[in-house]
Amino acid sequence: MNILLISANIANTPYSVYPLGLSMVAASLHQAGYQVRQFDFLASGKSKEALLKEMREFVPDVIGISIRNIDNVNLLNEQRYIDAVGEIVREVRTVSAAKIVLGGSGFSIMPEEILQQTGADYGVVGEGEVLLLDFLEQASKGTYPGEKILRSQTLLSASHIPSALYDSRIMDFYLENGNVASVQTKRGCIHSCTYCSYPFLEGNQLRPRDAKTVVDDIEILLHKHKAKYIFFTDSLFNDDQGNYISVLKEMKKRGIVVPWTAFFKPQGFTKETVSLMLKTGLKAVEIGADATTDITLKKLGKTFSFRDVIACNDLLTGHGISVAHYFMFGCPGETKDTVLEGIANIKSLKKTVSFIFMGIRILPHTPLARLAQEQDIISFDQNLFKSVYYISPSIERAWLEETLTEVFRGIRNCVFPPDALGSSLAFLHKLGYSGSLWEMLIPGKRKGNRKRKNVTK
């Protein structure tokens, strides 16, 4: 059977991210003996003509569409992505009667709504490496499930999480638009942040991949694909169990030094771990503190204080590491006093960049959704496909927006709204600059690396 896997993601801010989940599913299907081809809608220039050309050349028997995000979770400049999925479904149906199966993290959050909205045939909630294989096994016999949405009651063991089958055509696009290549070291999240869907999507237990296998992936990216910058896609890289240390030690053992970045929590850093990170090429750190005061941090389910955020920032920047923070105003427990305190806290962070959101996108299956119901922000049966944002009832939206706009206007390294520089960063990637270009906003920081690009007239 011919299986065409399509990445429907069209978001490219703050930088374009390779569709890693799609390639991991492709690896499982390939190992099972299926003929698999991958197509990236973003890499194709969002071209329907390119998609149809791929369809006619490959003639798939089944089509899988991966949905990464529902929207950009930005209240002040919302962009919805599901319409693009519906367009893809309609286009492929003009040339093929193949069954269309949706999947990906975005789909798993609201499967019924997205399946109905897009008109696809089936959807898989959970890890496609297992569910899509099961679907294809039956489809190869001409049998299809009665249920439109397929769910798994188990998760892949760590040893069965596959290495990605990186597609050279797709990879070339991402290397030309930021030179960032993606690797996953583990799945799962043990934390209980009130707004977050990661535990629902990946489970609340960590499933770390073997460090040697992870570093094998890195070597493939460096030697076969000529990647120059690695992005670890884990929900949090620096886990309490220290699995990330095993990966870094394996990198050091093999003499791998390459610029890399990841998402971190502002805890657990020591001079020894920072030294190891630097020896393997750590370039930039992204910290998801999310709240700006001790009161709102606690309400979000965080286990650290803002003093920890400051200490982490000072330690990393003191070693020359670029640091970006992500903050949200309007959290549970937020008042005018905490807003003003939070503003002062953000301004106190030195040699760093802060991306600032207003409001929190309410997602199903989260404690925040239950709190919003209790506070009559949403009803108990409300459909959250149409986005709703949580802003503490103790503050007015208009006041919050006016305050944040006025306070952060003209402060180059405090970005509000968070996508204010998206087009500028994309332009710099086009010019050949690589990596996390937000670091160019840090006061006194030199411009990022730029690779020479061939120019044809």
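The values are calculated or read from the model by the stated rules, or taken from the named source; none is laboratory data. The structure presented is a predicted model; accordingly, all values stated were derived computationally and were not measured. Neighbour counts run over all protein chains shown; Cβ positions are idealised from the backbone, glycine included.
Please count how many residues of region 31-47 are surrounded by 14 or more Cβ atoms within 10 Å (Cβ to Cβ) and either without any contact (Cβ under 8 Å) to a residue 12 or more places away in the chain or not assigned by TED's automatic domain parsing to the domain that holds L20 (or both).
Of the residues in region 31-47, 1 are surrounded by 14 or more Cβ atoms within 10 Å (Cβ to Cβ) and either without any contact (Cβ under 8 Å) to a residue 12 or more places away in the chain or not assigned by TED's automatic domain parsing to the domain that holds L20 (or both).
Can you name the residue in region 99-117 that is over 14 Å from R68 (Cα atoms) and in contact (Cβ under 8 Å) with a residue 40 or more places away in the chain and, of all such residues, is farthest from the chain's Cα centre (by Cα)?
Looking at residues that are over 14 Å from R68 (Cα atoms) and in contact (Cβ under 8 Å) with a residue 40 or more places away in the chain, I get K99.
Can you report the number of residues in region 229-245 which are farther than 19 Å from S192 by Cβ, small (G, A, S) and in contact with a strand residue (DSSP E or B) (Cβ under 8 Å, 6 or more places away or on another chain)? Explain how you work it out, then say what you get.
In the first step, residues of region 229-245 are kept if they are farther than 19 Å from S192 by Cβ; the result is 229-233, 242-245.
With the extra rule that they be small (G, A, S), the set shrinks to 242.
Among the residues that remain, those that are also in contact with a strand residue (DSSP E or B) (Cβ under 8 Å, 6 or more places away or on another chain) are: none.
Adding up the residues that qualify gives 0.
Going through V73, V85 one at a time, which residue ends up being outside any helix (DSSP H, G or I) and within 21 Å of E113 (Cβ to Cβ)? Steps first, answer last, please.
Numbers: V85 fails: outside any helix (DSSP H, G or I).
Exactly one of V73, V85 is outside any helix (DSSP H, G or I) and within 21 Å of E113 (Cβ to Cβ), namely V73.
Hey, any hits in region 67-82 for a residue that's farther than 27 Å from D419 by Cβ, touching a residue at least 12 places away in the same chain (Cβ under 8 Å), assigned by TED's automatic domain parsing to the domain that holds G119 and not basic (K, R)? Full working, then the answer.
Step one: of region 67-82, the residues farther than 27 Å from D419 by Cβ are none.
For region 67-82, residues farther than 27 Å from D419 by Cβ, touching a residue at least 12 places away in the same chain (Cβ under 8 Å), assigned by TED's automatic domain parsing to the domain that holds G119 and not basic (K, R): absent.
Within region 133-161, count every residue that is in contact with a Lys or Arg (Cβ under 9 Å, 6 or more places away or on another chain) and part of a loop (DSSP other than H, G, I, E, B).
Going through region 133-161 one residue at a time, the tally reaches 5.
Suppose we filter I295, I220, I287, I230 for residues that are in contact with an Asp or Glu (Cβ under 9 Å, 6 or more places away or on another chain) and not small (G, A, S); which single one remains? Steps first, please.
Working: I220 fails: in contact with an Asp or Glu (Cβ under 9 Å, 6 or more places away or on another chain); I287 fails: in contact with an Asp or Glu (Cβ under 9 Å, 6 or more places away or on another chain); I230 fails: in contact with an Asp or Glu (Cβ under 9 Å, 6 or more places away or on another chain).
Result of the check over I295, I220, I287, I230: I295.
Would you mind finding the one in E272, E176, E250, E219 that is touching a His at 6+ places or on another chain (Cβ under 9 Å) and of a type in the set (D, E)? Quick ask: steps written out before the conclusion?
Numbers: E272 fails: touching a His at 6+ places or on another chain (Cβ under 9 Å); E250 fails: touching a His at 6+ places or on another chain (Cβ under 9 Å); E219 fails: touching a His at 6+ places or on another chain (Cβ under 9 Å).
After applying the criteria, what remains is E176.
Give me a count of the residues in region 241-297 that are closer than 20 Å to N179 by Cβ and not in a helix (DSSP H, G or I).
Matching residues across region 241-297 total 14.
Test of understanding: among R80, R90, which residue is modelled with pLDDT of 95 or more, exposed (fewer than 15 other Cβ atoms within 10 Å of the Cβ) and under 22 Å from I114 (Cβ atoms)?
Values: R80 fails: modelled with pLDDT of 95 or more.
Just one listed residue meets the conditions, R90.
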